[in-house]
Each structure stands twice: as structure tokens, then as C-alpha cells.
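Peer 1: To start, I am sharing the structure in question, which I have written as C-alpha cells.
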Amino acid sequence: MKHLRTVTILLAVAFVGLTVISCKDSKKEDSNDAMHSNLSTNEAEMNHDETMDSNTMNASNDMMDSSTQNSSAKQVVLDYMALKDALVETNKDEAAQAGKKLESTLNSFNVSSYTSEQQKELKDIIADAKEHAEHIGKSEMDHQREHFKILSKDIMDMVAITGTETTLYQQFCPMYDKGSAWLSMEKEVNNPYYGSKMLHCGTVQKEIN
Amino acid sequence: MVLFVAFVGIQFVSTKQNQSNVIPKTDFLLVNNPPKNIKKLLQVSCYDCHSNNTEYPWYNKIQPIAWILEDHIKEGKAELNFNEWDSFSSRRKKSKLKSIVNQIKDDDMPLLSYRLVHQDAILSKSEKELVIGYMKQLKDSLK
């Protein structure tokens with residue numbers, strides 16, 4: 001009896017599977033198209049390229065003056081903030097967009113201005129953060145927020161190494177997933193884990209200068 | 001009719017087998033040596049897609065099931081390969097453990113399509129709690 005059921009399910013799945021496969025292909029093309037048009041029209045992407053170029057040129061400067069924040073690190077924080085804001089607004093598409101942007105910034109992170117020990121730590125952080133950014137780029141809201149929590153820890157650890165030129169506020173809400181933290185550029189608490197449902201849940205834990 | 005011919009036709013297409021007899025030293029179960037019942041649950045519910053060794057069911061001889069599974073294995077291993085566990089840094093391990101807990105809690109893993117045909121892979125409520133508790137405790141034990 002159990003076998004019969006399995007066989008029926010299998011046959012159904014097999015035929016549905018055939019249909020799904022053909023759908024899946026066309027879906028893939030769609031998303032490729034979307035990506036292309038994004039690349040060509042998204043000005044932010046281009047600006048970002050410029051940042052990267054100037055970054056390589058400035059690498060030697062960075063090495064001279066370790067108190068200035070590396071421009072890759074600065075861009076990571078900016079991308080992270082765009083992501084956080086999208087989550088505060090409960091805007092899945094914008095969050096996905098910001099996740100992809102963050103992923104590409106992380107991909108071209110230039111760690112050469114740091115000591116070898118810092119580089120090792122940074123590479124570890126970047127590898128982890130990249131995975132979360134990638135998932136945020138293709139997930140539903142709930143899942144985006146789950147990844148954002150782990151990502152936030154990575155970014156905090158990164159800032160501990162790279163420093164920051166702008167003041168950052170580490171904020172904390174005890175409600176979400178037994179307590180979750182994030183970074184913000186404003187002192188006022190706007191919660192990325194709940195959005196409008198519980199916008200101001202949280203307190204400032206730490207001011208990072 | 002066309003569908004039927006196609007269905008018969010694709011039965012002759014073969015897929016790559018994800019099978020290896022070697023259990024690397026970095027394997028999750030080898031390194032962490034969890035209690036037997038948890039070991040069994042992970043092997044039955046997760047290892048088919050998240051390790052280098054898949055226990056192929058008999059219906060994997062049927063296309064397009066074999067293709068679908070092959071696809072899942074490729075993607076699943078890229079996300080998380082339990083065989084390579086100990087090669088991850090402490091940060092990566094903690095991050096993966098957190099994701100594992102989230103995936104099980106949200107009923108996202110094992111994949112729905114797999115649960116449909118592989119009913120022994122379904123985790124009961126108490127089995128979920130067991131695995132989640134274990135993963136959390138493992139995460140807290142990492143520095």
C-alpha cells in the first residue's frame with residue numbers, strides 16, 4: 001500500500017517535473033534579462049565601479065595613513081545601510097537589490113592595506129558576509145531578515161577592524177529571534193527585523209566612532 | 001502521446017552519480033560525533049544533498065527524477081557540504097549552524113519535493129527539536 005502510494009506520487013511528480021523543467025528554463029532567461037538591464041541602467045553600479053578604481057589607486061595612500069577607512073570598507077557600510085533601510089521599509093525587492101550590490105562590493109574588497117592578521121580575519125568575514133548577501137539577493141522577506149541578522153554580526157566585526165569615519169550606532173531589539181542587533185547611521189531606532197509592525201523596538205547599545 | 005514518447009525517451013539519458021566511499025576527516029559526523037539518533041536523522045534527511053555520498057533510491061532510475069535530484073545535489077553541496085565541515089573557520093561554522101537551525105525551524109529543509117517522495121526524511125516535531133537543540137548547543141560551544 002505504501003509502495004503504491006509512492007509510485008503514484010512519483011508518476012505524478014515525473015510528469016509535473018517535465019513541465020516544470022520547461023518553465024524553469026524560460027524563468028532563468030527572464031531573470032538574466034532583468035540582470036542585464038539592471039547592469040546597464042543602474043547608475044549606482046557605475047559609481048561603484050569608479051569607487052573601485054580609485055580604491056586601487058589609493059591603496060598606497062591607505063597604507064600610509066591607517067586611520068582613514070579603506071574605501072571598500074566604506075562602501076560595504078553604505079551598501080549595508082541601504083539594505084537595512086529596505087528591510088525597515090519591508091521592501092523585499094529593494095532589499096534583494098541592495099543584497100546584490102553588497103555582494104559585488106564584497107567581491108572586490110581590497111584588503112591590501114591591512115596587516116596580514118587583519119587580512120586573514122577580513123577574508124573570513126567577507127566570505128561569510130558574501131554568502132548572506134547572495135541569499136538576501138534571492139529570498140523572501142522572512143529569509144532575508146534571517147540572513148541579515150548573521151550578516152550584521154559580520155559587518156560589526158568588520159568595522160571593529162576597519163574603523164569608521166562616520167559614527168555608527170549598534171542597536172538591539174530583544175524581541176526578534178531571542179535578541180538581534182544591527183548597525184545604523186542614525187541614533188533613532190528603526191527596526192529592520194519587523195518594519196512597521198514594531199518599528200521602534202530596540203535601544204542603542206553602543207556608539208561606534 | 002508526445003509526452004509519453006518524451007518520457008520514454010529521456011529514460012535513456014544518464015546522470016552523474018554522487019557517490020564516494022571515502023569519508024573525509026573533515027566530516028561533520030566524524031568531527032562532532034553526535035548521539036546516534038541525531039546522526040541517523042542527519043544522514044537520512046540531509047546527507048543525500050549535502051555530502052559527497054548520496055544513497056540513491058530505486059526511483060532515481062526514473063527520469064526526470066534523477067535530473068531533479070542531481071540538480072539539488074549540486075546546489076545543496078555548494079551551499080553546505082557536511083563532508084567538508086572541519087575545513088570551515090569558526091565564523092563560517094557558526095553561520096552555517098545558524099542557517100541550519102533556521103532552515104529546519106522554517107520547514108524549508110529537507111526540500112519539499114524531496115519530502116514528498118522520501119517520506120522517511122520528514123522530521124517530526126520532536127525530531128526537529130532534537131536536531132535544533134543539538135545544533136544550537138554545538139554553536140554555543142564554538143568560540
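The values are calculated or read from the model by the stated rules, or taken from the named source; none is laboratory data. Note that the structure is predicted; figures quoted are calculated from it, not measured. All Cβ positions, even for glycine, are placed from backbone atoms using ideal geometry, and neighbour counts span all protein chains on display.
Peer 1: Could you grab me the full set of residues in segment A:143-165 that are among the acidic types (Asp, Glu) and either modelled with pLDDT under 95 or not in a helix (DSSP H, G or I) (or both)? Don't jump to the end; show me each part of the working.
Peer 2: In the first step, residues of segment A:143-165 are kept if they are among the acidic types (Asp, Glu); the result is A:146, A:154, A:157, A:165.
Hit for segment A:143-165 is A:Glu165, nothing else.
Peer 1: Residue by residue through segment A:177-206, note down the ones that are within 17 Å of A:Asp85 (Cβ to Cβ) and in a helix (DSSP H, G or I).
Peer 2: Matches in segment A:177-206: A:Gly195, A:Ser196, A:Lys197, A:Met198.
Peer 1: A further question follows. Any chance segment A:113-129 includes a residue that's in a helix (DSSP H, G or I), within 11 Å of chain B (Cβ to nearest Cβ) and within 10 Å of the chain's Cα centre (by Cα)?
Peer 2: Yes, because at least one residue in segment A:113-129 is in a helix (DSSP H, G or I), within 11 Å of chain B (Cβ to nearest Cβ) and within 10 Å of the chain's Cα centre (by Cα).
Peer 1: Residues of segment A:164-208 being touching a helix residue (DSSP H, G or I) at 6+ places or on another chain (Cβ under 9 Å), over 15 Å from A:Glu89 (Cβ atoms), of a type in the set (Ser, Thr, Tyr) and surrounded by fewer than 17 Cβ atoms within 10 Å (Cβ to Cβ), which ones?
Peer 2: A:Thr166, the sole residue that qualifies.
Peer 1: If you don't mind, another one. Can you list residue pairs whose Cβ atoms sit under 9 Å apart, with the first residue in segment B:119-143 being surrounded by 12 or more Cβ atoms within 10 Å (Cβ to Cβ) and the second being of a type in the set (Gly, Ala, Ser)? Count only pairs 6 or more apart in sequence or on different chains.
Peer 2: The qualifying pairs are B:Ala121/B:Ser45; B:Ile122/B:Ser45; B:Leu123/B:Ser45; B:Glu127/B:Ser45; B:Val131/B:Ser45.
The rows are residues; the columns are (1) under 24 Å from B:Glu70 (Cβ atoms); (2) within 14 Å of chain A (Cβ to nearest Cβ); (3) in a helix (DSSP H, G or I).
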{"position": "B:Gln11", "(1), (2), (3)": "yes, yes, yes"}
{"position": "B:Lys16", "(1), (2), (3)": "yes, no, no"}
{"position": "B:Gln19", "(1), (2), (3)": "yes, no, no"}
{"position": "B:Pro24", "(1), (2), (3)": "yes, no, no"}
{"position": "B:Pro34", "(1), (2), (3)": "no, no, no"}
{"position": "B:Asn37", "(1), (2), (3)": "no, no, yes"}
{"position": "B:Leu42", "(1), (2), (3)": "yes, no, yes"}
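Every residue, every condition in (1) out of contact with any helix residue (DSSP H, G or I) (no Cβ under 8 Å at 6 or more places or on another chain); (2) crowded, with 18+ Cβ neighbours inside 10 Å; (3) at pLDDT below 85, yes or no:
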| residue | (1), (2), (3) |
| --- | --- |
| B:Asn52 | no, yes, no |
| B:Pro64 | no, yes, yes |
| B:Leu69 | no, yes, no |
| B:Glu84 | yes, no, no |
